[in-house]
Amino acid sequence: MIKKVYSKSKLVAKTGNEVIAEALRQIEPDVIAAYPITPATEIVQIFSQFVADGVVKSEYIAVESEHSAISATIAASAAGARAMTSTSSQGLSLMWEMLYIAAGLRLPVIMAEVNRAISAPININADHSDTMGTRDAGWIQIYSENSQEAYDNIIQVTRIAEKAKLPAMVTMDGFITSHCMEVVEVYPDADVKTFVGEYKPERYLLDIKKPYTLGAIDLQDYYFEHRYQLAQAVRDAKDIILDIAGEFERTFGRKYGFYEKYMLDDAEVAIVIIGSTAGNVKAVVKELREKGIKAGLLKIRVYRPFPSEQIAKELAHVKVIAVMDRSDSCSGAFPPIYSDLTASLYSAGVVGPKILSYVYGIGGREFSSEQIVDVYEKLGKVASGAEKPFKGVEYINIRIK
């Protein structure tokens, strides 16, 4: 039993956007640069009020676009500041080239990202197409099921990014989490401040005693090696993520890892999913268990670095797995999570489970509890041999096929 080292936490009713803004107030970064975009607007709007009221000493930079927001954040980080931003969807797309620069320069920029569909057509509701499009940019990606996780994740990722020397984003589903009110345990300001600590970069451009060049041209002589170092740094971040999660648990009493298992250890059929829908799946799993059906869930929390070996081990005993992607791929093959998961099982030599690929919830399309039950029923029929697994990708609740 973990004993918390503090006793003055508060239970408050807040939306996801409000609680992220609260975490940013407690962390009090040196610089926040942002350009508001639905459904992430409230995060920076609320924080800008903290700045205006003198609640925090942070420098708030209101810029003319998301590209400028990430550019200003990168510059601040390079200068030695703890720097953060927030965006969503098209805003993240406009940041595209600078995401790679932040990672390539090994700058611990922090982003609160609210998942929203990518245009066109224009859509402001939740799916994961925005962040899945940036999955190979060299950023750590941590997904949140609910507001509590979003709050806890942004606190942890501040330390993770700075220790790994990598940029990192914490995501939550647009409107579903960002605008819905939940009861959240908020920790005392002093404890959060102590946990994140003071940022002390090893090198920074404003250190005139140790001048160095950042972002020089890098052609065929060393570019390959530097990109390898970046990829290796993302892989090595796994240990850092777990170390800081352990410290977080000892401090605040909440346990986090690469993923969450729900009734998975003896499951015969299981869903693998990411984001807010995991909560609905848990409710369905509980009901199915009461009926004697050995259903389970694996909810991915850390998507980059992808915990390949660990997930393969957790799923090796499951007969049939449904991988639920809330984004699609135009590659003509399979969507992102399915591709990562099947590659992980193959690489680990796990050949037992049958794996089905589903796409759901694109552009905020409803994915009901009844449809979750349908998925588990399909898994059960495949597990018993009554039906064969389908080939390709199955699209849930779509009118045109």
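The values are calculated or read from the model by the stated rules, or taken from the named source; none is laboratory data. Keep in mind that this is a model prediction, so the values were computed, not measured. Cβ: placed from backbone, ideal geometry, glycine included. Neighbour counts: every protein chain shown.
For segment 277-296, state whether one or more residues are within 17 Å of Gln371 (Cβ to Cβ) and touching a His at 6+ places or on another chain (Cβ under 7 Å). The answer is no, given that none of the residues of segment 277-296 is within 17 Å of Gln371 (Cβ to Cβ) and touching a His at 6+ places or on another chain (Cβ under 7 Å). Ile217 fails exactly one of the following numbered conditions: (1) of a type in the set (Val, Ile, Thr); (2) assigned to a loop (DSSP other than H, G, I, E, B); (3) closer than 25 Å to Ile27 by Cα. What is the number of that condition? Looking at each condition in turn, Ile217 falls short on (3). Take the conditions part of a helix (DSSP H, G or I), of a type in the set (Gly, Ala, Ser), in contact with a strand residue (DSSP E or B) (Cβ under 9 Å, 6 or more places away or on another chain) and farther than 25 Å from Glu366 by Cβ and apply them to Ala161. Does it pass? In short, yes. Here the strands (runs of 3 or more DSSP E) wholly within segment 1-92 that include at least 1 residues being under 28 Å from Ala120 (Cβ atoms), of a type in the set (Gly, Ala, Ser) and in contact (Cβ under 8 Å) with a residue 60 or more places away in the chain are 83-87. The criterion of being of a type in the set (Lys, Arg), assigned to a strand (DSSP E or B), modelled with pLDDT of 95 or more and out of contact with any Gly (no Cβ under 6 Å at 6 or more places or on another chain) does not hold for Lys313.
Looking only at residues of segment 143-177 that are touching a helix residue (DSSP H, G or I) at 6+ places or on another chain (Cβ under 7 Å), β-branched (Val, Ile, Thr) and within 17 Å of Glu249 (Cα to Cα), we find that the one that is surrounded by the fewest Cβ atoms within 10 Å (Cβ to Cβ) is Ile155. Looking at Asp328, is it of a type outside the set (A, V, I, L, M, F, W, C), in a loop (DSSP other than H, G, I, E, B) and not assigned by TED's automatic domain parsing to the domain that holds Asp136? Yes, satisfied. For Glu370, the conditions (1) crowded, with 18+ Cβ neighbours inside 10 Å; (2) among the acidic types (Asp, Glu); (3) out of contact with any helix residue (DSSP H, G or I) (no Cβ under 7 Å at 6 or more places or on another chain) all hold with the exception of (1).
Kindly check whether there is at least one residue in segment 322-345 that is closer than 25 Å to Tyr256 by Cα, touching a helix residue (DSSP H, G or I) at 6+ places or on another chain (Cβ under 6 Å) and β-branched (Val, Ile, Thr). Checked segment 322-345: at least one residue is closer than 25 Å to Tyr256 by Cα, touching a helix residue (DSSP H, G or I) at 6+ places or on another chain (Cβ under 6 Å) and β-branched (Val, Ile, Thr). Val350 meets the conditions (1) farther than 19 Å from Glu394 by Cα; (2) in contact with a strand residue (DSSP E or B) (Cβ under 9 Å, 6 or more places away or on another chain) in every case but one. The failed one is (2). Only one of these is under 18 Å from Val382 (Cα atoms), among the charged types (D, E, K, R) and either in contact with a Phe, Trp or Tyr (Cβ under 6 Å, 6 or more places away or on another chain) or assigned by TED's automatic domain parsing to the domain that holds Val359 (or both): Glu309, Glu287, Glu314, Glu268. Name it. Among Glu309, Glu287, Glu314, Glu268, only Glu268 is under 18 Å from Val382 (Cα atoms), among the charged types (D, E, K, R) and either in contact with a Phe, Trp or Tyr (Cβ under 6 Å, 6 or more places away or on another chain) or assigned by TED's automatic domain parsing to the domain that holds Val359 (or both).
Does segment 190-203 include one or more residues that are touching a helix residue (DSSP H, G or I) at 6+ places or on another chain (Cβ under 7 Å), of a type in the set (Ser, Thr, Tyr), modelled with pLDDT of 95 or more and outside the structural domain of Ala316 (by TED's automatic domain parsing)? Taking every residue of segment 190-203 in turn, at least one turns out to be touching a helix residue (DSSP H, G or I) at 6+ places or on another chain (Cβ under 7 Å), of a type in the set (Ser, Thr, Tyr), modelled with pLDDT of 95 or more and outside the structural domain of Ala316 (by TED's automatic domain parsing).
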